[in-house]
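This report refers to the structure that appears directly beneath it.
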Amino acid sequence: MPLAEENPLSRDPPLILPVVIVGNGPSGICLSYMLSGYRPYLSPEALHPNPILHSKLEEARHLSILEQDMEGSILTLSLNDWMELPGLKFKDWAMGKRRNIKSDRATPAEVASYYKHYVKIMGIQRNFIDNTYITSVVRPYRDPDDSVNQDPEEVSCEESHIDKENEADPKKNWEVHGYRRAADGSHKPFCVFAESLVLATGTFDARARLDVLGENLPYVSHSVAEFEEAVGKGSLSGAVDPVLIVGAGLTAADAVLCAHNNNIPVIHAFRRRLNDPSLIFKQLPKKLYPEYHKVYHMMCTQVSSAASTSYPSYTSYPEHFVLSFKPDMKCVLQNNGGLKKVVKISMALVLIGSHPNLFFLKEQGRSLGHHQNQPITCKGNPVEVDPYTYESCKEPSLFALGPLVGDNFIRFLKGGALAITRCLGLRQKKRHGNVESGSDDGVS
């Protein structure tokens, strides 16, 4: 459905859209791309690591992946470089921008620029309404037999979605309220209705905190982007005091790599022991993620050999936690044995994870998770969805993808976008008698 000539948020009476996607990150961009009519096919040079799947893909090379019955396997399809979205290789974009990519890993700023360019070059800009903030999402009408009102132990996820293709009651539309921020800073409220709603907000809205004394001091940050900005401005060049990086996940590893590549000394503190099997580094293939394994090697080398000179500007403190930050740029660390250590630093980066912010949903979406009445988290309690359609098991016509359902890598979220597009496409064909969907099926 064309969103066309005018701003869809300014309509009166409110506009009813087939799909509204909440979120403008890679999840939302990828889904918007596919809903706009782009269909993925097997690339001639592609070789799927699973020989059975590759054989099936080869048999139906003339059909788009959306039209093939992959028996759930579309969730694991991986396309080239893991930061890319379909149709535009990151290296091709970088060459066009005359960027000098020194390694296989890109900075967050480069990736953000790539996604902005992707939306423009793919012709899906009009699907995105920028400077828009969602304040509430509700579905005023609900069937008494909706699965959300039933015992989740009694109704399986698959059974709860039987015959939903035939549901087209306008009263069941989602009501989306929000405002758009104008150039002069004023807020213009709006309301639209959506037959289907997709949550693609990611997990970076609410950064996890240590909740220790001094965490709000100006030199303490919770963002890699802020660190990269400081590095880009040269604020930390030639710094005598190291940067403290707290955390043992991929974001913390990104910060370590950024500091190491810019000759910035680092103190790296984290709670877990080095042989902890749940460390993310132990779950990533070395060949695919050599940079992350380099960070893990740095963490281990500094502990196993105090005299090591392999990484003279890096110091690892496993099984340590932050006790407090001081106004004089000092941090108090403590190990599991109670021994304290005071370190002088130039900046502190607290990178211990983040949580999705679903404040616009009733009870912040607590009813949508695998564990009801608990906050939605990307690891412990993601949104529970049907694995073949990515539709919520608790709310009909509500979909989610990306980190909200546990797909924390960009190369995995493409499977969710494929599943949602295929599901909505089949429902539209059944509803309109096999009429092919046009471009611009929703607003992001």
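Descriptive notes on the structure:
- Inter-label distance, nm, simple model (7 Å from Cα along the C-beta direction), Asn336/Thr135: 4.9
- Here Glu58 and Lys89 are evaluated by their C-beta separation; at R0 = 30 Å the FRET efficiency comes out at 0.85.
- Simple point charges give the picture: +1 on the Cβ of Lys and Arg, -1 on the Cβ of Asp and Glu, and for the range 248-341 a dipole about the Cα centre of about 160 debye.
- Descending by average beta-carbon neighbour count within 10 Å, the peptides 17-28, 319-330, 394-405, 354-365 line up as 394-405, 17-28, 354-365, 319-330, the highest first.
- Accessible surface ranking that places the most exposed of Tyr292, Tyr33, Tyr179 first, with a 1.4 angstrom probe: Tyr179, Tyr33, Tyr292
- Legend: calculated FRET efficiency, Lys233 to Glu175, from the Cβ-Cβ distance at R0 = 35 Å, rounded to 0.05, equals 0.20.
- P(r) histogram, all alpha-carbon pairs of the range 203-298 included - 10 Å bins from 0, percent: 13, 45, 34, 7, 0
- Each semi-axis of the equivalent ellipsoid for the range 218-373 is √(5λ) with λ an eigenvalue of the Cα gyration tensor; in descending order they amount to 27, 20, 17 Å.
- Placing a label point 7 Å from the Cα of Asp241 along the Cα-to-Cβ direction, the residues of the range 324-345 whose backbone N falls under 13 Å from that point are 325-332, 342-345.
- Cα gyration tensor category, rounded, prolate or oblate, for the range 345-385 with a/c compared to 1.5: prolate
- Estimated FRET transfer efficiency (Leu284, Ser186; beta-carbon r; R0 56 Å; 0.05): 0.75
- Two-site label geometry, Lys120 and His371: point separation in nm, points 7 Å out along Cα→Cβ: 4.5
The values are calculated or read from the model by the stated rules, or taken from the named source; none is laboratory data. Here the structure is a predicted model, which is why all the values come from computation and not from measurement. Virtual Cβ from ideal backbone geometry, glycine too; neighbours counted across all protein chains shown. The area values use the complete protein model at the heavy-atom level, side chains included, leaving out ligands, DNA and RNA. Shrake-Rupley method; radii C 1.70, N 1.55, O 1.52, S 1.80 Å.
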